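The values are calculated or read from the model by the stated rules, or taken from the named source; none is laboratory data. Keep in mind it's a predicted model, so treat the numbers as computed, not measured. All Cβ positions, even for glycine, are placed from backbone atoms using ideal geometry, and neighbour counts span all protein chains on display.
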Amino acid sequence: MKVLVLGATGYIGSAVTGRLAERGHQVVALVRPKNDETRTVPGAAEVRHGDVTDPASLAAGDVDVIVHAAAPTGDEAVELAAVDALLAGGAKVVYTSGIWVLGAGTADEDGPLNPVPLVRFRAGVERRVLGAGGVVVRPGIVYGEGKGIPALLVAKAAGHGRGRYVSAGGQEPTWPTVHIDDLADLYVAAVEKGEPGTVYHGVGEEAVPLPEIAGAAARAAGLGDAGASGVEPWPVEEAAGDFGAAFAEALALGQTVSAARTRKALDWTPSRPGLVADLAGGSY
Ligand SMILES: NC(=O)c1ccc[n+]([C@@H]2O[C@H](COP(=O)([O-])OP(=O)(O)OC[C@H]3O[C@@H](n4cnc5c(N)ncnc54)[C@H](OP(=O)(O)O)[C@@H]3O)[C@@H](O)[C@H]2O)c1
């Protein structure tokens, strides 16, 4: 298939581009015009210019599938205009949302949305994509290749001299997570056989306790093996000074998210090492 990938230079998009190419798909990477004209994107057969904020630049009548994995602007009107432009060409659109639209608590693919303010714009965008027969992928916290939000925790642990995790108090928070290579496999399955109007969860581990993640991040930062007991909660109000209030609130979410329906429907079996193992002795 011919697949246009938005965000093909990013963490998720580059992994998806590589895996699609390995599977024999013809990938067209859409990169922002600010990027070098002659830039090549590994795995992409063609590079085109476009920007999410310029809907006219997103017209693509010649592709079978579009994977939207570009960073969001956070502005619902801009995001809606972008997906409308993508949908207008008639290709199947695979839109990247995220588990933060589910809010705190336990959820599966079919439950109601309760987005934290940072991703409130996504509810309307998901509805638009699903209503037009597109597919929505909600990744958990992505890890692997030493990148993503876990890399941020490693840097913060190094700066602080101790592992810590953002906490709103109360119950010990947990994160649903996914290894970047498992997530890339899921996107390939969604491209090839995702059903119109369907949500898929990119979650390998449903609920990893944040103290364990913070302990492993401290170890990755060279601070020794303090384990989960050697870490401290970082009150969300304080962390807001570093991350901004909306991002800090999202990082403090306690979530348990199932991908059981996704695994079954797409025959997807996440198999890479878990986040704590990867932090403690893997890519970080
Ligand atoms: N990482 C996670 O844990 C995670 C979890 C759940 C959901 N998500 C969502 O997944 C998506 C991709 O995340 P990521 O971690 O891969 O982000 P990333 O590494 O920051 O990559 C973002 C990509 O978007 C491109 N981009 C930025 N602004 C753009 C614009 N206006 N028009 C077109 N392209 C633009 C960037 O291109 P340049 O090279 O030009 O900057 C880059 O290729 C985001 O929507 C994110 O919220 C991420």
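Odds and ends about this structure:
- Evaluation of residue 83 against the conditions (1) among the aliphatic types (A, V, I, L, M); (2) more than 9 Å from the ligand (Cβ to nearest atom); (3) surrounded by 20 or more Cβ atoms within 10 Å (Cβ to Cβ); (4) in contact (Cβ under 8 Å) with a residue 60 or more places away in the chain shows that the sole unmet condition is (4).
- Within segment 1-29, the residues that satisfy the criterion of being within 13 Å of the ligand (Cβ to nearest atom) and in contact with a strand residue (DSSP E or B) (Cβ under 8 Å, 6 or more places away or on another chain) are 4, 5, 6, 7, 8, 9, 11, 12, 13, 16, 17, 29.
- When the residues of segment 114-146 are filtered to those that are surrounded by fewer than 18 Cβ atoms within 10 Å (Cβ to Cβ) and in a loop (DSSP other than H, G, I, E, B), the one that is nearest to the ligand (Cβ to nearest atom) is 145.
- Residues located in segment 1-31, provided they are of a type in the set (S, T, N, Q) and within 18 Å of the chain's Cα centre (by Cα): 9, 14, 17
- Restricting 175, 100 to residues that are part of a helix (DSSP H, G or I), surrounded by 20 or more Cβ atoms within 10 Å (Cβ to Cβ) and not small (Gly, Ala, Ser) narrows the list to 100.
- Scanning segment 30-57 for residues that are of a type in the set (A, V, I, L, M) and either over 19 Å from residue 97 (Cα atoms) or surrounded by fewer than 18 Cβ atoms within 10 Å (Cβ to Cβ) (or both), we see that the one that is farthest from the ligand (Cβ to nearest atom) is 45.
Results for (1) within 25 Å of residue 43 (Cβ to Cβ); (2) out of contact with any Phe, Trp or Tyr (no Cβ under 9 Å at 6 or more places or on another chain); (3) assigned to a helix (DSSP H, G or I); (4) among the hydroxyl-bearing types (Ser, Thr, Tyr), shown as yes or no for each residue.
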position	(1), (2), (3), (4)
188	yes, yes, yes, no
208	no, no, no, no
213	no, no, yes, no
237	no, yes, yes, no
250	no, no, yes, no
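- Only one of the listed residues (192, 206) is surrounded by fewer than 23 Cβ atoms within 10 Å (Cβ to Cβ) and either under 18 Å from the mean Cα position of the chain (by Cα) or among the hydroxyl-bearing types (Ser, Thr, Tyr) (or both). That residue is 206.
- Looking across segment 215-235, the residues that are closer than 12 Å to residue 276 by Cα and part of a helix (DSSP H, G or I) come down to 215, 216, 217, 218, 219, 220, 228.
- Looking only at segment 61-77, residues that are crowded, with 17+ Cβ neighbours inside 10 Å and within 13 Å of the ligand (Cβ to nearest atom) come to 6 in all.
- Within segment 153-187, the residues that satisfy the criterion of being among the hydrophobic types (A, V, I, L, M, F, W, C) and more than 16 Å from the ligand (Cβ to nearest atom) are 157, 158, 168.
- Among the criteria (1) within 13 Å of the ligand (Cβ to nearest atom); (2) over 14 Å from the mean Cα position of the chain (by Cα), the one residue 150 does not fulfil is (2).
- Qualifying residue in segment 217-232 (condition: surrounded by fewer than 20 Cβ atoms within 10 Å (Cβ to Cβ) and modelled with pLDDT of 95 or more): no
- Residue satisfying all of: in segment 87-113; among the aliphatic types (A, V, I, L, M) and touching a residue at least 40 places away in the same chain (Cβ under 8 Å); nearest to the ligand (Cβ to nearest atom) among these: 99
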